[in-house]
Amino acid sequence: MTRIGARFAQLRAAGRCGLVTYIAAGDPSPALTVALMHALARAGADVIELGVPFSDPMADGPVIQRAAERAIRNGVGLRVCLQMVGEFRRQDTSTPVVLMGYANPIEHMGTDAFVAAAASAGVDGVIVVDYPPEECQQFVAALQGSNIDPIFLLAPTSTNERIEKVARCAGGFLYYVSLKGITGAGHLDVDAVAARLPAIRARSTLPVAVGFGIRDGAGARALARVADAVVVGSRLVEEIEKAGAQDALRAASRLVAEIRSAVDSVKAASTC
């Protein structure tokens, strides 16, 4: 069982919903990224998504785009991200870490070299936004052979056929995008999410994490009633941006602790 699988098994046994948090590696500074990862884990994050900076992030809204641009100016790329995970692992051997990014940096490194480096660093899962399941079978097999979960996105527009294709090759959890659009955009419609989850669960036993619209404790609390995990990304990156390097750790910890408390407040009603 992977670290992600073990974490979700623990959550399920405890009747708790999971909390997945996203930060952009290298923002607000490379020196703070590992400290931020530790702060997120202490504040209650069950899984940490580490965004790999990329110049053309097609799924990301303005907040994460700005973070990626700052990180790139700070000299952070895929290899530095892997070094950060390795540094994090020296102190934390239990919190799952997922790299989230795009195909170009991985293709530039070489998929085999990337998988080997990710496994060595202690990466637990990989989300490549622009790798459709039909075109990355070898990559998925290499990840699974190194005990790394390949994680895929599902959208409100995903057909049952698409859900089945993703379910056949996915690991760790399924990432359901709660809205049509980019990260941080739109209005969170919990009823619409709840209506879509049965079709996903009918086709996969993997936990379902819901993201792309959670802004606060109230939204997280509502989703915790129907999802196996909530994902907080743009709002967290936004708080880090507003706080700046001097106050980033405190701002991130405060928001994650707030959302952790909100999620846990409905654990008795959770479907996790």
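Scanning for something modelled with pLDDT under 95, among the aliphatic types (A, V, I, L, M) and within 22 Å of Ala9 (Cβ to Cβ), does segment 214-223 turn up at least one residue? The answer is yes, given that some residue of segment 214-223 is modelled with pLDDT under 95, among the aliphatic types (A, V, I, L, M) and within 22 Å of Ala9 (Cβ to Cβ).
The residue of segment 128-158 that is nearest to the chain's Cα centre (by Cα), among those that are outside any strand (DSSP E or B) and of a type in the set (Val, Ile, Thr), is Val129.
Can you confirm whether segment 87-100 contains a residue that is at pLDDT 95 or above, within 13 Å of the chain's Cα centre (by Cα), within 19 Å of Asp56 (Cβ to Cβ) and not acidic (Asp, Glu)?
We begin by selecting, within segment 87-100, every residue at pLDDT 95 or above; these are 87-100.
From the residues that got through so far, the ones that are within 13 Å of the chain's Cα centre (by Cα) too are 95-100.
Still in the list and also within 19 Å of Asp56 (Cβ to Cβ): 99-100.
Next, from what is left, pick out any that are not acidic (Asp, Glu): 99-100.
Scanning segment 87-100 turns up at least one residue that is at pLDDT 95 or above, within 13 Å of the chain's Cα centre (by Cα), within 19 Å of Asp56 (Cβ to Cβ) and not acidic (Asp, Glu).
Remark: pairs (first residue in segment 187-207, farther than 22 Å from Gly171 by Cα and open to solvent by 60 Å² or more (accessible area, probe 1.4 Å); second residue at pLDDT below 90 and among the hydroxyl-bearing types (Ser, Thr, Tyr); Cβ separation under 8 Å; 6+ apart in sequence or on different chains) = Asp189/Ser178. If only residues of segment 4-31 that are charged (D, E, K, R) and out of contact with any helix residue (DSSP H, G or I) (no Cβ under 7 Å at 6 or more places or on another chain) are counted, the one that is nearest to Gln65 (Cα to Cα) is Arg7.
The set of residues in segment 165-197 that are at pLDDT 90 or above and in a loop (DSSP other than H, G, I, E, B) comprises Ala170, Gly171, Gly172, Phe173.
Within segment 197-213, being out of contact with any strand residue (DSSP E or B) (no Cβ under 7 Å at 6 or more places or on another chain) and either of a type in the set (A, V, I, L, M, F, W, C) or under 17 Å from Thr157 (Cβ atoms) (or both) holds for Pro198, Ala199, Ala202, Arg203, Gly213.
Within segment 227-269, being at pLDDT below 95, part of a loop (DSSP other than H, G, I, E, B) and surrounded by 21 or more Cβ atoms within 10 Å (Cβ to Cβ) holds for one residue alone: Gly233.
The values are calculated or read from the model by the stated rules, or taken from the named source; none is laboratory data. Predicted, not measured: the structure shown is a model, and the values here were computed from it. No Cβ is skipped: glycine too gets one built from the backbone with ideal geometry, and neighbour counts run over all protein chains shown. Just the protein is used for accessible areas: all its heavy atoms, side chains included, with ligands, DNA and RNA removed. Shrake-Rupley method; radii C 1.70, N 1.55, O 1.52, S 1.80 Å.
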